[in-house]
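Quick note: the coordinates plus some simple rules give every number you see, no bench work behind them. All values derive from a computational prediction rather than experimental measurement. Glycine gets a Cβ as well: all are built from the backbone with ideal geometry, and neighbour counts include every protein chain shown.
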Amino acid sequence: MITKDELQKLFVTTETYRVERTASTTDKDKFGEAVCAFANDMPDTGKPGYLLIGVRNGGQLSGLKATDELLKKFASLRSDGNILPIPTIAVDSFSFPDGDVIVVEVQPSHQPPVRYRGRTWIRIGPRRDIATLDEEIMLAERKARHFSTFDARPCFQSSIADLDLDLFLHDYLPQAVSPEVLAGDGRSVERKLESLRLFNGAYGVPTNAAILLFGKNPRYFFPGAYVQYVNFGGLDKAATIINEHPFNGPIVRILPQIDLFIETTVSRKRPVFVSALREEMRVDYPKGAIRELVMNAIMHRDYQGNAPIHFYQYSDRLEVVNHGGLYGRARPENFPNVSDYRNPIIAEAMKVMGYVNCYNRGIGMVQGDL
């Protein structure tokens, strides 16, 4: 994080691609666009950008009081779901005789382009603007240097013919990118995929995420990429199988199928009389809790393994088991308070479609529902 002495120098320097000052504490769109632009690091410096709250354009302090509520508000820019992929930011405050200054430090993203509400923002010198198509291409091409996760890697055995492009273009893309941007987007489908980290232009093949999300047959490339539901009529696997159903296909197609299946088959609403004149609706399991667990299994699993996700129902319990353990910063001693993303592109897509929230609140919500 920046030091107090370094910060004071930024009060009087001209706003550049790394510095933006504002006296406002309420313009959420302005803050989101600024964080998005810094994360995209259009000049490719590899250096952080700084949003300074409580500093006027001329460098004078506005007399801001940095409360805990304000600090939490700016910290929430990271995970409120409007900026995707999720940026890396740090928030701190510094006190001066003329007021406080809140500093939002934004690290350059390794997975550009970063979008705020479907638009790619960049800084051009001292101002911020929406990226042109050529600028988006430049940002997308940088990802070839950063295959940090499995879902970002090229799927070398595949080609664009292995993707269901109608599913991508008509079902997913309008949710991921704003209508205004799509209306003026004359790029090829390869470039559209690449801007969302679903195609690798350097090798001319889809990424692993694209195959898993939109592939015509994901199991050809990843044999374990499906969900196996089994309902056992007893307490263990030796019991009679009452029902069995595999969910196969691209993730974008199976998510609504699983959602409906949980509501109609697993949760199972039914009326129960509580008096002669009144009845209540009861469920075997809360839909929200089971949905959260299954969606998280799909999002966080290790797709390099050949085993499917096991969604098993016994007479006294449910079990959801996916391949792979805790990932990255998540450890047994800090889970579920700390989370990490094994598949950030898949997580982003599921967030766009409304199936996960990416707020690191899932396990707590499940415990509360249960």
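Details
- With a cut-off of 16 Å on the backbone N, the residues of the stretch 229-263 near the modelled label site 7 Å out from Y312 along Cα-Cβ are 229-246.
- Only the Cβ atoms of Lys and Arg (+1) and of Asp and Glu (-1) were treated as charged; on that basis the dipole of the stretch 95-196 about its Cα centre amounts to roughly 240 debye.
- Listed residues V189, V19, V114, most fluctuating in the chain (Gaussian network, C-alpha, under 10 Å): V189
- Cα lying deepest toward the dipole's positive end in the chain, options T45, G305, V274, charges on Cβ: V274
- Relative contact order of the stretch 164-275, pairs being alpha-carbon contacts under 8 Å that are 6 or more residues apart, as %: 17 percent
- Inverse mean reciprocal Cα-Cα distance (Kirkwood Rh) of the stretch 147-221, Å: 12.5 Å
- A dipole drawn for the chain from +1 and -1 charges on Cβ atoms has a positive end, and of G368, L64, L293 the residue lying farthest that way is G368.
- Stretchable slack from A23 to R268, in nm (0.36 nm times residue separation minus alpha-carbon distance): 82.9 nm
- Listed cross-link partners K9/K73; K47/K216; K237/K351; K28/K192; K72/K269; K216/K287 are compared with a 32 Å cut-off, the Cα-Cα value being larger for K47/K216; K237/K351; K72/K269.
- Calculated over the chain: convex hull of Cα atoms, volume per residue (Å³): 179 Å³
- Dipole magnitude of the chain about its Cα centre (Cβ charges: Lys, Arg +1; Asp, Glu -1), debye to nearest 20: 140 debye
- Put a plus charge on the Cβ of each Lys and Arg, a minus charge on the Cβ of each Asp and Glu, and nothing anywhere else: the dipole of the stretch 4-128 about its Cα centre is then about 360 debye.
- Two-site FRET efficiency, K4 against Q60, from Cβ-Cβ distance with R₀ of 22 Å, rounded to 0.05: 0.80
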